[in-house]
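Right, one structure below, let's go through it.
Coordinate-derived values only; no laboratory data. Please read these numbers as outputs of a predicted model, since none were measured by experiment. Please note: Cβ atoms are built from the backbone with ideal geometry, for glycine as well, and neighbour counts cover all protein chains shown.
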Amino acid sequence: MRIESGGDATSLLASPLWPEQIPDEVHAAWDRFKTLLLRTKEDWDVWTMWYEAALRGESFGAESEIARATLSDAVWAKGPKSANKELKQLLDFSDESPNIPEQSPGLSFTVQPDGRIGLERSGLASDSELEDIAHFREEITNALDDLISKLEGSNSHVWICGLANRYKETIATKLLSIDQVYANGIRLENARFGLERDISSGEYPELQPEACEALDSVLTLNGLMIASTARGQQLLDRARAYALSDAATTAYKAIAKKFARKVGKSANLFSEEVQYAIEQANEQIGQGTHPQRSTNVAYTANSNLLAKLASVAVIVISPSVASGVSASLPGLALSEATMMIANTAWTFFFSNISLLRELCAVSGSDLSWLRAFLSLIERRKRKPDPSP
């Protein structure tokens, strides 16, 4: 797009830097350069995230662009380390109402009555969609029953049996979460991909032909069902648009698995269902026949979990938002339940600042809000009082 040919500046700024796909050699060169910058520990992420947003045709907003363009010559003269630090301070939240985003399509989270973060039934199929996909659900359930019956008692394939049972539980609910069905379908698809690899290497015995047929039927029907819903199409489109180089995927997975381990050690804050979902999603980053889908499931789950957690933790510094959280805690007192959850969430952020900053550095602009939120926490330089 060119302004002189009729385009406008706003549309130009909203366009990706590369009209077509970024060449692999350019992608690889940028990954190497970004790694070198971030290793200096000189706050270069304030520019790497900005540049990656520009690559996608996104922006941090007018305030950010003005701050970058108007940074004084005196600040620049002090060198990049000082200038980057100054810019970060300008861009960070200066008030006590951080702009925490809504959760994106994908695995989503809510506050349970017991005070922990649990999975939310998000992306529900509409009534008309439920009617349209009823035959898919019935055929998938029958194929799952066949698969489970063939695998029960097999020590070699017990893990696939477990995934099949989880998928069956998800698809059997009256309120059908397409987000959860999509994620569980990808796990089962990745299991099939990994099993074929392990059978070829001799690590696992082959599946019975009947079990293979049942598993393939489940995966085929699952793909058709997902694609026939509006939410499913949205999830597939997001995965197609989310493309990382091999190096970027490897870097993200290394940090994301560390994050999953922290979630796994916080049973007082996250339900077992959430711990399992985050562990599985991050373990399978870049895997399967559609690695970009696996990666996007993990990326979205991590981002959504942090957004939900931050919306709870922010009560510690912005009590005025407490009523919104307490509404999801039926039967519990605002002063006790809400503040207990908020303090626990705040402590999780406070105790993992370094790791979460690493996650920001490999996540692009989508977690720019988290970088500012962590700076806000760091400025307070204290743990919250654990008592309400």
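Model label points for Gln21 and Ala227, set 7 angstrom from Cα along the Cα-to-Cβ axis, are 1.9 nm apart. Using R0 = 25 Å, the C-beta based FRET efficiency linking Ser351 and Ser245 works out to 0.20. Short-range pairs are left out: with C-alpha atoms under 8 Å and at least six residues apart, the relative contact order of region 243-319 is 25 percent.
Charge dipole of region 21-91 (Cα centre as origin; +1 on each Lys and Arg Cβ, -1 on each Asp and Glu Cβ, all else neutral): 320 debye, rounded to the nearest 20. One way to sum up the overall shape of region 95-169 is the equivalent ellipsoid from its Cα gyration tensor, whose semi-axes run 34, 20, 10 Å, largest first. Computed about its Cα centre, the charge dipole of region 127-228 is approximately 320 debye, with only Lys, Arg, Asp and Glu carrying charge at their Cβ. As a rough footprinting exposure proxy, the listed residues Met49, Met340, Met225 were ranked by other beta carbons within 10 Å of their own, and the order from fewest upward is Met340, Met49, Met225. Length available on full extension from Thr289 to Glu213: 0.36 nm per residue minus the Cα-Cα distance, which gives 25.6 nm. Going from the fewest other Cβ atoms within 10 Å to the most, the residues Ile160, Ile341, Ile278, Ile66 appear in the order Ile66, Ile160, Ile278, Ile341. Note on Met340 and Thr141: the extension gain reaches 67.5 nm, defined as 0.36 nm multiplied by sequence separation minus the Cα-Cα distance.
Relative contact order, whole percent, for region 127-228 stands at 40, derived from Cα pairs under 8 Å and 6 or more residues apart. Among 199-205, 307-313, the peptide with the highest mean count of other Cβ atoms within 10 Å heads the list, and the full ranking is 307-313, 199-205. Annotation: Cα Rg of region 21-91 relative to the compact-globule expectation 2.2 N^0.38 Å equals 1.19.
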